[in-house]
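The next block holds one structure in the form of structure tokens; read it before the comments.
Values quoted throughout were computed directly from the atomic coordinates according to the rules given, and no laboratory measurement underlies them. Bear in mind the structure is a predicted one, so any value in this text is a computation, not a measurement. Methodologically, a virtual Cβ is constructed for each residue, glycine included, from the backbone with ideal geometry; neighbour enumeration extends over all protein chains shown.
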Amino acid sequence: MENGKLRINMYSSADKVAGQGVGSAYEEQVALVRQADDLFDVEVNRPDRDADIQHFHTIDPIFFLRMRNKKPLNVAYCHFLPDTVMDGSLKVPKPLRKMVADYIIHFYNAADHLIVVNPSFIPELEKYGIPRSKIRYIPNYVSREVFHPLGEETRQAARKQYGIDPEAFVVLGAGQVQTRKGVKDFVETAKRLPHLTFVWAGGFSFGKMTDGYEELKAIMDNPPANVVFTGIVPREKMAELYNMTDVLFVPSYNELFPMTILEAANLHVPMVIRDLDLYKEILQGHYMKGDSVDEFTDLLHTLSSNPKVYEQYQDESRKISQYYSAEHVLTMWKAFYVEAWKYKDRFRT
């Protein structure tokens with residue numbers, strides 16, 4: 001500690017692969033914590049600098065080795081469980097699946113504290129033998145300075161860029177194109193609603209290693225007439241896509257806390273989301289939920305045809321944005337870092 005401030009070294013390689021939510025979460029968290037410059041001095045990927053706290057955002061083997069240094073407090077993010085990675089995200093050869101799963105859990109166990117962005121993951125981590133005492137829930141956050149309404153001119157310019165009718169009702173899906181994201185259900189729902197326009201912002205961040213690559217690539221190469229695949233979109237351009245959008249559609253089968261939800265909420269975009277238990281606590285019912293193509297079709301039809309219902313769910317998204325404000329989440333980070341450092345030695349004994 002210098003000048004009364006905790007020195008925090010953030011480690012991440014998420015920005016090396018475009019189109020990942022993990023990368024977005026990392027950028028937002030670092031920028032947010034840097035706002036508390038009266039308490040923290042924050043460095044990024046600086047192994048040459050001594051630190052009071054090392055915070056690991058990705059599970060790189062070199063970071064695993066850095067956690068052998070027990071002088072600083074070691075903090076790790078849990079963005080996924082082994083099942084999340086290997087069931088619907090990446091094609092991992094069967095002989096390697098156990099080795100990959102074991103590595104992920106060893107990495108999490110090596111940290112002094114493990115941060116989850118969704119409390120539903122806490123009991124799952126306990127099943128892997130990780131003590132509840134070392135797990136802390138702190139949600140994601142998205143800056144309103146970046147993600148906010150940009151006006152009609154930007155809305156129409158974005159639509160023109162992607163060849164979308166100025167008056168179209170636009171349904172946006174966003175994220176890596178992979179099986180667990182529900183891309184096939186997204187496209188099938190679009191087929192049932194040919195009068196609406198569906199846009200998927202994202203691509204194959206991990207190329208042919210992506211689970212379901214061949215089938216999904218065929219869909220992307222020959223989509224229905226009312227479906228647009230944009231490919232990977234730089235994050236700084238995503239605000240323009242949310243501005244041209246009428247509804248965010250999240251048909252994922254497995255998530256933790258998609259950054260797209262917080263980004264769209266800042267623009268008060270209504271949401272249709274798959275009915276997963278993990279959303280119940282973090283979103284508190286402020287969304288429309290479905291569990292099949294039939295249900296998604298009905299919900300999107302209602303939003304596109306009933307202005308009163310549409311306005312109701314605009315207000316629900318506004319509530320999400322208000323809850324996950326910078327002030328609220330930064331208060332949680334301040335309390336965590338200060339408390340965890342203060343009781344570091346007690347925790348380790």
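What the table below lists for this structure:
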read-out: Most fluctuating residue given options P307, P166, P223, as computed from a GNM of the chain linking Cα atoms under 10 Å; value: P307
read-out: Diffusion coefficient, µm² s⁻¹, Stokes-Einstein with Kirkwood Rh over alpha-carbon pairs of the range 152-323 at 10 °C and 1.306 mPa s; value: 99
read-out: Stokes-Einstein diffusion coefficient of the range 41-166, Kirkwood radius over Cα pairs, 25 °C, 0.890 mPa s, in µm²/s; value: 140
read-out: Length released on extending from T230 to D48, taking residue separation times 0.36 nm less the Cα-Cα span; value: 61.5 nm
read-out: V146, V75, V227 arranged by Cβ crowding within 10 Å, fewest neighbours leading; value: V146, V227, V75
read-out: Geometric extent, Cα atoms of the range 139-189 - Rg, Dmax (angstrom); value: 14.3, 36
read-out: Phi-based couplings in Hz for the range 307-315 (Karplus 6.51, -1.76, 1.60; Gly and Pro marked x); value: x, 5, 5, 4, 5, 4, 7, 5, 5
read-out: Where labels lie 7 Å past Cα in the beta-carbon direction, separation of Y253 and E145 in nm; value: 4.0
read-out: 20 Å Cα-Cα threshold exceeded, pairs from K71/K342; K181/K217; K191/K280; K160/K289; K134/K342; value: K191/K280; K160/K289
read-out: Cα pair distances exceeding 19 angstrom across the range 159-241, given as percent; value: 34
read-out: Helical mean residue ellipticity (222 nm; -39500 (n - 2.57) per DSSP H run of 4+; nearest 500) of the chain; value: -13000 deg cm²/dmol
read-out: Exposed GluC sites (Glu not before Pro) absent - longest run of the chain, DSSP non-H/G/I/E/B, at most 10 other C-beta within 10 Å; value: 168-349
read-out: Tilt relative to the chain, helix 183-192 - C-alpha long axis, 0 to 90 degrees, to 10; value: 20
read-out: Option label - mean projected area of the Cα convex hull in nm² computed here, alternatives (i) 17.6; (ii) 30.6; (iii) 19.0; value: (i)
read-out: Length-normalised contact order of the chain in % [C-alpha pairs under 8 Å, at least 6 apart]; value: 18
read-out: Cα gyration tensor, the range 207-274 - rounded (a/c under 1.5), prolate or oblate; value: prolate
read-out: Karplus-derived HN-Hα couplings along the range 245-259 (A = 6.51, B = -1.76, C = 1.60, θ = phi - 60°), whole Hz, x at Gly and Pro; value: 9, 9, 9, 9, 10, 10, x, 4, 8, 8, 9, 10, 7, x, 4
read-out: Stretch gain in nm, segment E152-E214, where the contour uses 0.36 nm per residue and the Cα spacing is subtracted; value: 18.5 nm
read-out: Förster radius 22 Å - calculated FRET efficiency between M99 and I62 (Cβ-Cβ, nearest 0.05); value: 0.80
